[in-house]
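First up is the structure itself, then whatever we jot down about it.
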Amino acid sequence: MASVSGMDMTHGPLLGKILSFSIPLMATNWLQMLFNAADVIVVGQFAGYTSLAAVGSTAPTIYLFINLLMGFSIAVNVLIANYVGAGSRDRDIFLTLHTAMTVGLVGGILFGLIGIAAAPWILEKMQTPGDVIAKATLYLRIYFDSAPFIMLYNYGTAALRAIGDTRRPLLFLVLSGIVNVILNLVFVILFHMDVAGVGWATVISQLASAGLTVRCLAREQGPWQFHWRRLCFDRHSFYELCRIGIPAGLQACMFSLSNVVIQGAINTFGSVIVAANSAAMNVENFLYIGLNAFHQASMTFISQNLGAGKWERIKKIFVECEAIVIVLGLLETGIVLLWAPQLIAIFNPDVYVIGIGADRLYRIATLQFIFGVADVLVGSIRGFGISVVPMLVNLFGTCVFRLVWIGYLSAPDCGIHLIYLSYPISWTIILVILAVYWAYLYHKTGRLIARKRSMLSGKEPSCQE
């Protein structure tokens, strides 16, 4: 059972297939960030640093609201990949896909409405500077109009990734991203719509990406073919989606919550530093998103191979994904050390913004490969269908630690460098705990599989798997 555009992850050499899966996904993630950053770049270059600060300061809030439902896209990926690997699970694939798309549509509408209503209150609680709060509120409210489209796109592409197809999501993103960039330029430069222009450009482009994804699934052959009339709420599928998706979503929300708190502390330093940090965070997101492709690869490959009973491939998948992430992460560190000021200047030409933003990159982005290594561990553990443990680790490592750290400091008197320090410390804590748990999980599962195989063969296991 395979799609025309799918990939057999359970046979043959792994490295080539991991790269074939991950490179289009990496390009997709980078393009998605590039097109999202187009909002920041356009307002930063053509509307001034207050508009840059307004748009940039909303990012943690956007992620906080959307990430809970986005956790379901991870569940869609894990479940469908496992069903594909196991074979003869067509009904489960069909019900999982249609239940997920129902959740995405309904949940996106509800969360969008909540976000629109709560936007002013949230921005006020984050101590958004007074000279940008009106623009930030307007942009945030417009952005939340796109919530249902974001969910449909991400749930649909999660299903495509589960069968090994990362190329068509890349094509859809290229087309919708071009729409986003063109509309950004037209609305801001030609019609002088400022932050409202980039907001509506985002909504329209998200609608385009969702439409292309749904159309693709509707034209598929097999159990992952999508039918609007077959939208459903299957209780078992919903339970499985919740079992994996809610912890994954909560983990992302906790990560975003810690960033909201950090953003609130940064906001007390004034709009110039807010603008510089907004630019730096966009660069950091570009670096992280490339590493995250191998989180997705480890999760999908491990899930399919576990479903197919190919235990001997699990360790190879993990080791090869981690090795690639380390090499890529060190390469990204070198790029930052060489060109940090030039990277910030892409977003805003102000000399103070460039200096402050480059300083943040030197202190945070050069160490981001630590988070990339931890992220592959998270993906590998989720590939086993386990989502609660990564959530709890991130609860402690990001949310609790960062909240205590920021609570102990007294911004802006403490100096912004101490705020920056919370990132690499929290990443290191997460990495150590996850590495210990992965070793435990791998050896425990290996012993169970060896015992089952020995029982089936009627022999005692001669060695530990």
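Where does each of 105-115, 149-159 land if you order them by average Cβ count within 10 Å, highest first? Let's see the in-between values first.
On the way: 105-115: 17.1, 149-159: 27.0.
Most protected by this proxy first, the peptides run 149-159, 105-115.
Multiplying the residue separation of LEU15 and TYR362 by 0.36 nm and removing their Cα-Cα distance gives an extension gain of 121.7 nm. The slack in the chain from ARG235 to GLN45, taken as 0.36 nm per residue of separation less the alpha-carbon distance, amounts to 63.4 nm. Could you work out [θ]222 nm for the chain from helices alone, using -39500 (n - 2.57) per DSSP H run of at least four and dividing by all its residues? Round to the nearest 500 deg cm²/dmol. Taken over the chain, the calculation gives -27000 deg cm²/dmol. Protein heavy-atom surface of the chain, 1.4 angstrom probe: 69% of the accessible area is carbon and sulfur, with nucleic acids and ligands not counted.
Note that the range 101-239 presents 45 Å² accessible area per residue, ligands and nucleic acids not counted, probe 1.4 Å. Between GLN127 and PHE191, the C-beta separation translates, for a Förster distance of 45 Å, into a calculated FRET efficiency of about 0.90. With both labels modelled 7 Å from their Cα along Cα-to-Cβ, the ALA118 to ARG215 distance reads 3.5 nm.
What FRET efficiency comes out for ARG447 versus LEU330 if R0 is 45 angstrom and r is the Cβ-Cβ distance? Round to the nearest 0.05. Write down the numbers at each step before the final one.
Values: r = 35 Å, r/R0 = 0.77.
Given R0 = 45 Å and the Cβ-Cβ separation, E is 0.80.
Annotation: aspartates and glutamates with alpha-carbon distance below 14 angstrom to LYS452 (same-chain offsets under eight excluded): GLU460, GLU465. From the list (i) 35; (ii) 43; (iii) 55, can you say which value of percent of Cα pairs over 33 Å apart was derived from the structure given? The calculated read-out lines up with (i).
One decimal place: the segment SER88-LEU175 gains 27.8 nm when fully extended, by the rule 0.36 nm per residue minus the C-alpha distance. Electrostatic bookkeeping for ASN285 treats Lys and Arg as +1 and Asp and Glu as -1; over the other residues with beta carbon under 15 Å from its beta carbon, the sum is -3. Once the Cα atoms are used to define both axes, helix 351-363 deviates from the longest principal axis of the chain by about 30 degrees.
The values are calculated or read from the model by the stated rules, or taken from the named source; none is laboratory data. Just so it is clear, the structure is predicted and the values come from calculations on it, not from any experiment. Glycine gets a Cβ as well: all are built from the backbone with ideal geometry, and neighbour counts include every protein chain shown. Note: accessible area is taken over every heavy atom of the protein model, side chains too, but ligands, DNA and RNA are not part of it. Shrake-Rupley method; radii C 1.70, N 1.55, O 1.52, S 1.80 Å.
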